[in-house]
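Read the structure below first, then the notes.
The values are calculated or read from the model by the stated rules, or taken from the named source; none is laboratory data. Keep in mind that this is a model prediction, so the values were computed, not measured. FYI the Cβ positions are ideal-geometry reconstructions off the backbone, even for glycines, and counts take in every protein chain you see. With ligands, DNA and RNA removed, areas are computed over all heavy atoms of the protein, side chains included. Shrake-Rupley method; radii C 1.70, N 1.55, O 1.52, S 1.80 Å.
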Amino acid sequence: MRTLHVGDDALLVEVASGEEAEAVHAELLRRRAEGLLTVREIVPAARTVLLDGLADPARLASELADSEVPPAPPRAGEVVELPVRYDGPDLADVAALWGVPEEEVGRIHAATEFRVAFCGFAPGFGYLTGLPARYDVPRRATPRTAVHAGAVGLAGPYTGVYPRTSPGGWQLIGTTDAVLWDHTRMPAALLSPGTLVRFVPVADV
């Protein structure tokens, strides 16, 4: 674990893996909930956690250096279910990379319970982990100039759903009608770090 000071009241915690970042994020949330940490924002990413609005960043950096962070506990609460049609244009390519028939891609994916590791890229976009490492896939060699909202994609160890039409290089395996970001909803984002997610296959009608 390495800590870097950012400005006068922020701290960036760097770790070696996504699992460690999730564990640090969960531990910091626990400390804040128990009144042991006063901070304005805690923002996880792939291998970092940013703390903004600290009264004494140096003290926290010292505390983290001397502490052992436990693995992230299972998140309590309901699982967010996203209906999905496994009809993506890269389904055959992903099946070939996985060494399975095309119909198996959807079965494997839907049988997985995912967890939102962190959010980014676009409002409402969550980076979901859960698939075993053997199912990691590379990004497309040539990104698409436009990926439609609701597209379900894979890249590296992550699954994600595009909340709005945008360029993208992920391998697209399906489509959902779920609304990932709605500024009139509270909260606007359907997914947040730590949320458990399951994809539920539906018929293409």
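Using Cα centres only, tell me the gap between segment 138-205 and segment 57-118 in whole Å.
13 Å
In percent, how large is the relative contact order of segment 113-171, given Cα pairs closer than 8 Å and 6 or more residues apart?
On the way: 124 pairs, mean separation 19.8, N = 59.
Normalised by residue count, the contact order of segment 113-171 is 34 percent.
Could you derive backbone 3J(HN,Hα) for segment 60-70 from the dihedral phi with the Karplus parameters 6.51, -1.76 and 1.60 (θ = phi - 60°), listing whole Hz in sequence and x where the residue is Gly or Pro?
Each residue of segment 60-70 in turn: 5, 4, 5, 4, 5, 5, 9, 10, 9, 8, x Hz.
Could you derive backbone 3J(HN,Hα) for segment 166-177 from the dihedral phi with the Karplus parameters 6.51, -1.76 and 1.60 (θ = phi - 60°), listing whole Hz in sequence and x where the residue is Gly or Pro?
Running phi through 6.51 cos²θ - 1.76 cosθ + 1.60 with θ = phi - 60° gives 6, x, x, x, 7, 7, 8, 10, x, 9, 10, 8 Hz.
Could you work out the relative contact order of the chain? I mean the mean sequence separation of Cα pairs under 8 Å and 6+ apart, divided by the number of residues, in percent. All intermediate terms of the calculation are to be shown ahead of the outcome.
On the way: 428 pairs, mean separation 43.2, N = 205.
It comes to 21 percent, rounded to a whole number.
Determine the relative contact order of segment 89-205: mean sequence separation of Cα pairs under 8 Å and six or more apart, normalised by residue count, in whole percent.
Working: 236 pairs, mean separation 34.4, N = 117.
That works out to 29 percent.
Sorted by average packing, counted as other Cβ atoms within 10 angstrom per residue and highest first, what order do 147-157, 127-137, 26-36 take?
Values: 147-157: 20.0, 127-137: 16.3, 26-36: 14.5.
In descending order of packing, they fall as 147-157, 127-137, 26-36.
Report ³J(HN,Hα) in whole Hz for each residue of segment 145-151, in order, from the Karplus equation J = 6.51 cos²θ - 1.76 cosθ + 1.60 where θ = phi - 60°; Gly and Pro get x.
6, 8, 10, 6, 4, x, 5
5 Å is the cut-off here: which amide hydrogens, built 1.01 Å from N in the peptide plane, fall below it relative to residue 3, excluding neighbours closer than 5 in sequence?
The answer is 14.
Multiply the residue separation of residue 40 and residue 96 by 0.36 nm, subtract the distance between their alpha-carbon atoms, and state the gained length in nm to one decimal.
Working: separation 56, 0.36 × 56 = 20.16 nm, distance 4.57 nm.
Computed gain between residue 40 and residue 96 is 15.6 nm.
Tell me, what is the per residue accessible area of segment 64-117 in Å², probe radius 1.4 Å?
Working: 3040 Å² over 54 residues.
Per residue, segment 64-117 has an accessible area of 56 Å².
Just order 64-73, 115-124 by mean Cβ neighbour count inside 10 Å, highest at the front, would you?
Working: 64-73: 12.1, 115-124: 19.3.
By packing density, highest mean first, the sequence is 115-124, 64-73.
Quick check: at a probe of 1.4 Å, how many percent of the accessible area of segment 12-61 sits on carbon and sulfur atoms? All intermediate terms of the calculation are to be shown ahead of the outcome.
Working: 1280 of 2510 Å².
Looking at segment 12-61 in its full context, I get 51 percent from C and S.
Just to confirm a number: summing +1 for Lys and Arg and -1 for Asp and Glu over residues other than residue 61 whose beta-carbon lies under 12 angstrom from that of residue 61, what do you get? Don't skip to the end; give the middle numbers.
On the way: positive: 2, 59; negative: 14, 56, 63, 66.
Net local charge, residue 61 excluded: -2.
What is segment 1-69 by shape, rounded, prolate or oblate, if you read a ≥ b ≥ c off the alpha carbon gyration tensor as root eigenvalues and call it rounded for a/c under 1.5, prolate for a/b larger than b/c, and oblate otherwise? The partial results should precede the final answer.
On the way: a/c = 1.41, a/b = 1.20, b/c = 1.17.
In terms of gyration-tensor shape, rounded.
Gain in length, residue 121 to residue 67, computed as 0.36 nm per residue apart minus the alpha-carbon separation, to one decimal in nm?
So the chain would gain 16.3 nm between residue 121 and residue 67.
Find how much the distance from residue 103 to residue 2 grows on full extension, using 0.36 nm per residue of separation minus their present alpha carbon separation; answer in nm with one decimal.
Working: separation 101, 0.36 × 101 = 36.36 nm, distance 4.35 nm.
Going from the current span to full extension adds 32.0 nm.
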